[in-house]
Each structure stands twice: as structure tokens, then as C-alpha cells.
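In what follows, a single structure is set out as C-alpha cells and then discussed.
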Amino acid sequence: MEQNIDIQVDPYIEAGNVIYPSFHLSLQPGMIIGIYTDVSKIHTLMQWFMKRDDTYTSFRESSLYERLTAREYIQFILKLFSRPTNETENILKLFKLTEQKKQ
């Protein structure tokens, strides 16, 4: 079993104002997370994560999560908006989606 990755995110201070404080994340390798926050924080956080070799980042606006199957993507979006995931099968059938990962 792989060990968790411990990430200490540095604080971001702009013009003497703390945009976000430092915080700690303990993630399982391969774990997919979403960050939902305001524009002033998301840009700096995404830049911070993009500089790391052990993380993969993707913007929601791109609508492209290359490592996810259609099922995983739908479940991710449902969880992101606090919706029950038991409708995943119906959504897959409705849009005639199949289980294929992008190579």
C-alpha cells in the first residue's frame, strides 16, 4: 500500500492581506480532489500546485479531466455540487456514455 503524500501549502499574502493561510493536505497517491473557492484564491493555488512534480492540475472550465472515465467524471461533478451519486447510471444511459479512459 502506498503512503500518503503530505503537502504543506504555503500562505499567500498580497499587499499585506492574507489571501489564504498555510494549510496541510494529506493525500493518497492517485486521489482526485477538487478545489472550490473564489477567483482570488484559485489562481494562486493552481499556480502553486502546477509547480509541483507530484500533482496533476486541470481547470474545471476546460471540461477535460483526462484521467477520469465518464463515470468518474460524473461522480466527481455530482459530489462537487453535493448531489447524490446514485443517479450516475441514469446519466450514463441518458447521454449514451461508455466506460473508456483516454489513453
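The values are calculated or read from the model by the stated rules, or taken from the named source; none is laboratory data. Quick caveat, the model's predicted, so the values are computed rather than measured. Cβ coordinates were reconstructed from backbone atoms using ideal geometry, including for glycine residues, and neighbour counts include every protein chain displayed.
Details
- Conditions (1) more than 22 Å from Glu2 (Cβ to Cβ); (2) modelled with pLDDT under 85: number failed by Phe76: (1)
- Checking Ile5 against (1) within 30 Å of Leu97 (Cβ to Cβ); (2) surrounded by 11 or more Cβ atoms within 10 Å (Cβ to Cβ); (3) modelled with pLDDT under 85; (4) among the aliphatic types (A, V, I, L, M), the condition it does not meet: (1)
- Scanning segment 16-61 for residues that are loosely packed, with under 12 Cβ neighbours inside 10 Å, among the aliphatic types (A, V, I, L, M) and more than 14 Å from the chain's Cα centre (by Cα) yields Val18, Val39.
- Test for Ser82: is it modelled with pLDDT under 85 and surrounded by 12 or more Cβ atoms within 10 Å (Cβ to Cβ): no
- Of the numbered criteria (1) outside any loop (DSSP other than H, G, I, E, B); (2) charged (D, E, K, R); (3) at pLDDT below 85, the one Glu87 fails is (3).
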